[in-house]
2 protein chains.
Amino acid sequence: MIKIICSQSTKLACLLALLTASVLNTTYAEDLPSPAKFNTDNELILPLNYREWVQVGSNVSPNELNNGKAPFNEMRTIYMDRGAFQHWKKTGKFRKGTLLLKEVMSAERYKGLTGSGYAAGDVVAVAGMLKDSEKFANEPGNWGFFRYPKLDNSELFQKTSKQFPTGKCSGCHVSGAQDDMVFTQHYPVLTDSKGTGRVAVPVE
Amino acid sequence: MIKIICSQSTKLACLLALLTASVLNTTYAEDLPSPAKFNTDNELILPLNYREWVQVGSNVSPNELNNGKAPFNEMRTIYMDRGAFQHWKKTGKFRKGTLLLKEVMSAERYKGLTGSGYAAGDVVAVAGMLKDSEKFANEPGNWGFFRYPKLDNSELFQKTSKQFPTGKCSGCHVSGAQDDMVFTQHYPVLTDSKGTGRVAVPVE
């Protein structure tokens, strides 16, 4: 909140300022900059507020559904930076600087009052894809991939990441993902809002 | 909160300060009000921006894991209003006006490049719990429960909801949920941030 105390003589200027402030000061300012920041070694720094970004989807692919040996025995939740999401809602495109982070968790089998299921387990790694037509001019879709694993014998995670080699991640994204290398087929939050701005179920 | 006092002589500086303040005063204002609004029939109106709130967790409890008949054969994602989440980060408590919304989806079985799994299917209903010590003075934990199902023969959802009868939802929440009737045991986003403000994996 911004509190402004106006004196009589500055009333008009003050009102104008307030108006400007109130327009700019929206929750989901479209012009929120990309959170992507690199260190001097050209490593992408993990933003430490991504759980407050927009969750675009979660899914789980456990061993039990894959003959005991899933290619990725995990649960995952994908977050998109808020500025990029505002752009997506308006244009249906991933803007330059779009950062998607995937929290990779163990698929924890639980038994509760409402039956058995899978819920979030321990985090194994955070993985990211960043779109930048200059920085990744030669990469498929101009996406660069990054990964922040849990450190050995530690509770802590790697906090910066070099770009992963081309092909390490992008292969599956090129061949399987529905929209600009993002698996939007699993993310109604994205498909519903694409160019429409709808961020809830539809009502009359 | 940012407090700015303008006088005649400092008009320009003031405008600049206001502009700066409006940029700095980002998305996560601690004093964001509760989104809970009631109509004249005392029905809670479904907020139409909840997919931009904080996702606190997702889980799935499909028939296949429950002898073919799960009590709730569904996938769900739970969202918490942003103001309440700021309060939670600071105090570890659910403030008056905290609104949690659960999007209830079919558990869609998919087969992708990375194996088989469950992802978000069609939305069946949105369900909510609202904490209010005055409005729900006699309810367990002062939580009131609400539900917005998909309408029959329609793509649309109910947009307002009367309070559900006590016991219809609260029974399981009283006996099974870990923290003030919320199933925080499945939501690392909440347990990690409780009173600490941590909204990412820990790094050094």
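The values are calculated or read from the model by the stated rules, or taken from the named source; none is laboratory data. Small disclaimer: the values here were computed from a predicted structure and weren't measured. Cβ atoms come from the backbone with ideal geometry, glycine included; neighbour counts cover every protein chain shown. For accessibility, only protein heavy atoms count, side chains too; no ligands or nucleic acids. Shrake-Rupley method; radii C 1.70, N 1.55, O 1.52, S 1.80 Å.
Between B:GLY57, B:GLY68, B:GLY128, which gets the highest mean-square fluctuation from a Gaussian network model of chain B, Cα cutoff 10 Å?
B:GLY68
Estimate the FRET efficiency between A:ARG95 and A:SER116 by the formula 1/(1 + (r/R0)^6), using the beta-carbon distance for r and 41 Å for R0, to the nearest 0.05.
Computed FRET efficiency for A:ARG95 and A:SER116: 0.50.
Pick out, from A:THR40, A:THR114, A:SER61, the residue whose Cα sits farthest towards the positive end of the charge dipole of chain A, with +1 on the Cβ of Lys and Arg and -1 on the Cβ of Asp and Glu.
Positive-end residue among those listed: A:THR40.
Going 7 Å from the Cα of A:ASP180 toward and past its Cβ, which residues in the stretch A:63-100 have a backbone nitrogen under 17 Å from where you end up?
Only A:79-100 fall inside the zone, counting backbone N under 17 Å.
Taking θ = phi - 60°, what integer Hz values does the Karplus form 6.51 cos²θ - 1.76 cosθ + 1.60 yield along the stretch A:129-144, in sequence order, with x for Gly and Pro?
Once rounded to whole Hz, the list reads 10, 10, 9, 7, 5, 8, 5, 10, 4, 9, 8, x, x, 6, 9, x.
Compute the signed sum of charges (Lys and Arg +1, Asp and Glu -1) over the other residues within less than 15 Å, Cβ to Cβ, of A:ARG147.
Local charge sum for A:ARG147: +2.
Looking only at the stretch A:41-69, which residues have a backbone nitrogen under 18 Å from a spot 7 Å from the Cα of A:ARG109 in the C-beta direction?
From the stretch A:41-69, the list is A:60-69.
Label A:GLU204 and A:LEU48 with points 7 Å out from Cα along Cα→Cβ: what is the distance between them in nm?
If labels sit at A:GLU204 and A:LEU48, their model points lie 5.0 nm apart.
Total Å² of accessible surface buried at the B-A contact, 1.4 Å probe, nearest 100?
Numbers: alone 12880 and 12900 Å², together 18970 Å².
Summed over both sides, the interface buries about 6800 Å².
What are the ³J(HN,Hα) values, in whole Hz, obtained from phi via the Karplus relation 6.51 cos²θ - 1.76 cosθ + 1.60 with θ = phi - 60°, for each residue of the stretch A:158-170 in sequence order, with x given for Gly and Pro?
Whole-Hz 3J(HN,Hα) from phi for the stretch A:158-170: 4, 10, 9, 8, 5, 5, 6, x, 3, x, 5, 10, 5.
Could you give the C-alpha radius of gyration of the stretch B:31-193 expressed as a fraction of 2.2 N^0.38 Å, taking N as the number of residues it contains?
My calculation over the Cα atoms of the stretch B:31-193 gives 1.06.
Counting only the heavy atoms of the protein chains, how much of A:GLU134 is accessible to a 1.4 Å probe, in Å² to the nearest 10?
Per-residue accessible area (A:GLU134): approximately 140 Å².
What accessible area, in Å² to the nearest ten, does a 1.4 Å probe give for B:ARG109?
110 Å²
Taking R0 as 45 Å, what's the FRET efficiency between A:LYS168 and B:PHE38 from their Cβ-Cβ distance, rounded to 0.05?
0.30
By how many degrees, 0 to 90 and rounded to 10, does the Cα axis of helix A:11-24 deviate from the longest principal axis of chain A?
For helix A:11-24, the angle is close to 10 degrees.
Highest GNM mean-square fluctuation, chain A, Cα pairs closer than 10 Å: which of A:PHE145, A:PHE157, A:PHE85?
Looking only at A:PHE145, A:PHE157, A:PHE85, the largest GNM fluctuation is found for A:PHE157.
Near the amide H of B:GLY92, under 5 Å away, which other amide H atoms are found, from residues 5 or more places off or on another chain, if H is placed in the peptide plane?
The list, which skips near neighbours in sequence, is B:GLY195.
Write down the accessible area per residue of the stretch B:101-204 in Å², having rolled a 1.4 Å probe over the full set of protein chains.
Normalised by residue count, the accessible surface of the stretch B:101-204 is 47 Å².
Return one number: the angle in degrees, 0 to 90 and rounded to the nearest 10, between the long axis of the Cα atoms of helix A:82-91 and the longest principal axis of the Cα atoms of chain A.
Tilt of helix A:82-91: around 80 degrees.
How large is the dipole of chain A about the Cα centre if only Lys and Arg carry +1 and Asp and Glu carry -1, each at its Cβ, rounded to the nearest 20 debye? Provide the component values of the computation, followed by the final result.
Values: 24 positive and 20 negative charges, 65 e Å.
Its charge dipole is roughly 320 debye.
If you put +1 on each Lys and Arg Cβ and -1 on each Asp and Glu Cβ, how big is the dipole of the stretch B:53-113 around its Cα centre, in Debye rounded to 20? All intermediate terms of the calculation are to be shown ahead of the outcome.
Working: 11 positive and 5 negative charges, 84 e Å.
That gives the stretch B:53-113 a dipole magnitude of about 400 debye.
What is the mean number of Cβ atoms from other protein chains located within 10 Å of the Cβ atom of each residue in peptide A:45-54, rounded to a whole number?
On the way: counts 1, 3, 2, 6, 6, 3, 13, 13, 5, 5.
Mean number of neighbouring Cβ atoms from other chains: 6.
With θ set to phi - 60° and the Karplus curve 6.51 cos²θ - 1.76 cosθ + 1.60, what are the ³J(HN,Hα) couplings of the stretch A:49-55 in order, to the nearest whole Hz, using x for Gly and Pro?
9, 5, 6, 9, 6, 8, 6
Just want to confirm a number: the relative contact order over the stretch A:29-193, from Cα pairs under 8 angstrom separated by 6+ residues, in percent. Each step should come with its number before you reach the end.
Details: 310 pairs, mean separation 32.2, N = 165.
RCO, the stretch A:29-193: 20 percent.
Of B:ASP81, B:ASP132, B:ASP122, A:ASP152, which has the most accessible area and how do the rest follow, probe 1.4 Å?
Descending accessible area places them as A:ASP152, B:ASP122, B:ASP132, B:ASP81.
Considering the options A:GLN185, A:PRO202, A:PHE164, tell which one lies farthest towards the positive end of the dipole of chain A, charges being +1 on Lys and Arg and -1 on Asp and Glu at the Cβ, about the Cα centre.
A:PRO202
Using the crude model of +1 on Lys and Arg Cβ and -1 on Asp and Glu Cβ, and no other charge, please compute the dipole size for the stretch A:119-180 relative to its Cα centre, in debye to 20.
180 debye
Over 24 Å between Cα atoms, which of A:LYS150/B:LYS111; A:LYS111/B:LYS168; A:LYS90/A:LYS150; A:LYS102/B:LYS159; A:LYS150/A:LYS194; A:LYS111/B:LYS69 qualify? It would help to have the intermediate numbers written out before the result.
Details: A:LYS150/B:LYS111 28 Å; A:LYS111/B:LYS168 21 Å; A:LYS90/A:LYS150 36 Å; A:LYS102/B:LYS159 32 Å; A:LYS150/A:LYS194 33 Å; A:LYS111/B:LYS69 14 Å.
Correct reply: A:LYS150/B:LYS111; A:LYS90/A:LYS150; A:LYS102/B:LYS159; A:LYS150/A:LYS194.
Within 10 Å of each Cβ in peptide B:190-197, how many partner chain Cβ atoms are there on average? Round it to a whole number, please.
On the way: counts 1, 0, 2, 2, 0, 0, 0, 1.
Taking the mean over all residues of the peptide, I get 1.
Projected area of the protein assembly as shown, taken from the Cα convex hull and averaged over every viewing direction, in nm²?
Details: hull surface 93.7 nm².
Reported value for the Cα convex hull: 23.4 nm².
Could you check how much of the accessible area of chain B is carbon and sulfur, as a whole percent, using a 1.4 Å probe?
It is 53 percent, rounded to a whole number.
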